[in-house]
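Everything below concerns the one structure shown next.
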Amino acid sequence: MPLNDLPHIARTATAGQLIVNGRPFLVRGAELQNSSFSSVQHMAGLWQKMVDMSVNTVLGSVSWEMVEPREGHFDFSVIDQVIRDARSYNLKLILLWFGTWKNGISTYVPRWVKMSPKRFPRVVVQTRDGRAEVTETISCVHGATVDADAAAFRSFVRHLNEVDGEQNTVVMVQVQNEVGVLGDSRDRSDAANEVYQSNVPSDLVRFLREDWHTLHPDLKSKLEDRHTLVEGYNWPQTFGQSIYTDEMFMAYHYARYVEKVAQAGQSEHSLPMFANFWLNYGEDSMAKAYPTLAGGGDLPGDYPAGGAVSSVLDIWMKFAPSLSFISPDTYLNDYHRVCSTYRHRKQPLFIPEQRRDEYGARRIWAAVGEYRAIGSCPFALDTLEVDDCAYTKHYALMASVEDLVMAAQRETNSIAGFFFDEPDHKEASSHPDPVFEMAGYELTVERAFTTGAQGAGYGLIIHRETNSDGTAKFLLVGAGFQVKFRSLATGTCFTGILDFEEKTRDQETGEFATHRRLNGDETRSGHQAIMPNEDPDDGGFPINICIPAVTKMAECIVYGLSAEG
Ligand code: DGJ
């Protein structure tokens, strides 16, 4: 298939979009539990559920142990059927290569790898009581594993091209899963120690010195000064003896390992490839409320040391260039901070894993609208029922406007996205109420007015057109928010709402039709365009001026008056 028809990432003025069959594609994804794709029978009961949740892309694992049970002998029969079945439901797939590592550990390698520690050497860590302990994590620093993993991945991707190169059911591939050393800040095996005491590779030193001004602040904070970055010294001499030097050591070697595997796959079929990472707590005090379990952790080794957290993200971006982007698994951390961090160097944002509850679901609007995300996918939807799944309604609403969303994403300033947690939520985001400047107006977005307790909210605002008389039309999508407009035109003495119409949209033609004209109470007498909650709390106030959300779509036309008239 010609290269430009294959799924690929098209750079835009602001980020990048996934292009599938020649058209921008917004991933309404669902990552399944770890081993769901290992059984065609298990999946048979899930495909329709995904469709009913308005999911358009399913993320699932393909493991090294499953495809190469004996060295050099491959069995793709299960994944072939999974691809055929997904295709029959008109679903796309993002396949997760569980190769050498999964959540930092090597449990998905084939038994012939597990049983040959000399050929496929393991990480040795130092336990809290000072003992050297052999782990179930294969080393990225030395040994033959990278060649064996790359060969297996090459065979897998070659086969993918053979069975799916025309239909493009598979639109992206994740290479490994949350790599990094758990239990220590680096690999302390003899061979790894030798490398650690050897000169830091010149390409790393040069990169850090020459790209100093573009490095993420969290990396620069770990480096004394760019002028101390000189070639010809070992890791402790170059960066100082610290767990963060250990972390950089591991990040460099993991990145080069993953690059080699990704390159092997790319040589067979140039699908967009990425890697995903377990995040540290960072400065997220809220995250620290959780135990370090499948996420979080303060120090390298509490979280997988060497994984692409913010302090080593640049090293990954530089030394794993075959990856289209680096992705955060976002469960515990401040969502805005994570999205902003993983837009570093304007890379496209794709979140393969996030919370599957309403708290997570409402965040997709900020990811897609504010951070131009390709997608932000909940983990473990397969173990929810459709009606119990918060994403069902969010994905259905997103689907109804996603053509407009993606067109606006390609503009520099035509879309805004946001969410509001319940004011009393114990993990309520501390992000300030958003104020956007768009099309010559300032838009202040807040939780929707109610006479009782304010609720959560979420949504998008898209600038649709500006008329010659200076009036501007905005599309509002979502619930639980309100927008106050202020014209930025010089000399404006008043800004008001000309029209505010609740809309429905014909999904065939894309045409909007007016469901209701809103005014009076629904705009607080012209002050704000209110997109109410589905069940606003009236707090028992005897005058019921709050309406419930119906279509969660509206068009608002605003105008400004000049003092000169
Ligand atoms: C992150 C991993 O990438 C997933 O495979 C899964 O183990 C989740 N953690 C579980 O929280």
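The values are calculated or read from the model by the stated rules, or taken from the named source; none is laboratory data. None of these values were measured; they are calculated from a predicted model. Glycine gets a Cβ as well: all are built from the backbone with ideal geometry, and neighbour counts include every protein chain shown.
The residues of segment 148-189 that are in contact (Cβ under 8 Å) with a residue 12 or more places away in the chain and among the acidic types (Asp, Glu), listed by number, are Asp149, Asp164, Glu166, Glu178, Asp184, Asp187.
Only one of the listed residues (Leu460, Leu443) is in a strand (DSSP E or B) and in contact with a Pro (Cβ under 9 Å, 6 or more places away or on another chain). That residue is Leu443. Within segment 515-526, is there a residue that is closer than 19 Å to Ala399 by Cβ, out of contact with any strand residue (DSSP E or B) (no Cβ under 8 Å at 6 or more places or on another chain) and of a type outside the set (Asp, Glu)? No, every residue in segment 515-526 fails to be closer than 19 Å to Ala399 by Cβ, out of contact with any strand residue (DSSP E or B) (no Cβ under 8 Å at 6 or more places or on another chain) and of a type outside the set (Asp, Glu). If you filter segment 9-37 down to residues that are modelled with pLDDT under 95 and of a type in the set (A, V, I, L, M, F, W, C), you find that the one that is surrounded by the most Cβ atoms within 10 Å (Cβ to Cβ) is Ala15. Scanning segment 5-42 for residues that are within 16 Å of the ligand (Cβ to nearest atom) and over 23 Å from Ile415 (Cα atoms) returns Ala30, Glu31, Leu32, Gln33, Asn34, Ser35, Ser36, Phe37, Ser38. Pairs linking a residue in segment 86-114 that is farther than 26 Å from Val27 by Cβ to a residue that is away from the ligand (no atom under 12 Å from the Cβ) and in a helix (DSSP H, G or I), with Cβ atoms under 6 Å and 6 or more positions apart or on different chains, are Val109/Trp64; Pro110/Trp64; Pro110/Glu65. Within the set Val62, Val40, the sole residue that is touching a strand residue (DSSP E or B) at 6+ places or on another chain (Cβ under 9 Å), at negative phi and either surrounded by fewer than 23 Cβ atoms within 10 Å (Cβ to Cβ) or touching a residue at least 12 places away in the same chain (Cβ under 8 Å) (or both) turns out to be Val62. Screening the candidates Thr509, Thr490, Thr504, Thr450 for the property of being hydroxyl-bearing (Ser, Thr, Tyr), in a loop (DSSP other than H, G, I, E, B), under 22 Å from Gly417 (Cα atoms) and out of contact with any Lys or Arg (no Cβ under 9 Å at 6 or more places or on another chain) yields one hit, Thr450. Yes or no: Phe512 in contact with a strand residue (DSSP E or B) (Cβ under 9 Å, 6 or more places away or on another chain), among the aromatic types (Phe, Trp, Tyr) and more than 15 Å from Leu443 (Cα to Cα)? Answer is yes for this residue. Considered as a group, the residues in segment 169-193 that are at positive phi and within 13 Å of the ligand (Cβ to nearest atom) include one that is surrounded by the most Cβ atoms within 10 Å (Cβ to Cβ), and that residue is Gly180. Residues in segment 506-522 that are at pLDDT 95 or above and buried (at least 18 other Cβ atoms within 10 Å of the Cβ): 2 in all. Being among the acidic types (Asp, Glu), in contact with a Phe, Trp or Tyr (Cβ under 9 Å, 6 or more places away or on another chain) and either within 14 Å of the ligand (Cβ to nearest atom) or in a loop (DSSP other than H, G, I, E, B) (or both) is a property that does not hold for Asp314. Residues in segment 249-302 that are β-branched (Val, Ile, Thr), within 16 Å of the ligand (Cβ to nearest atom) and assigned to a helix (DSSP H, G or I): Val258 only.
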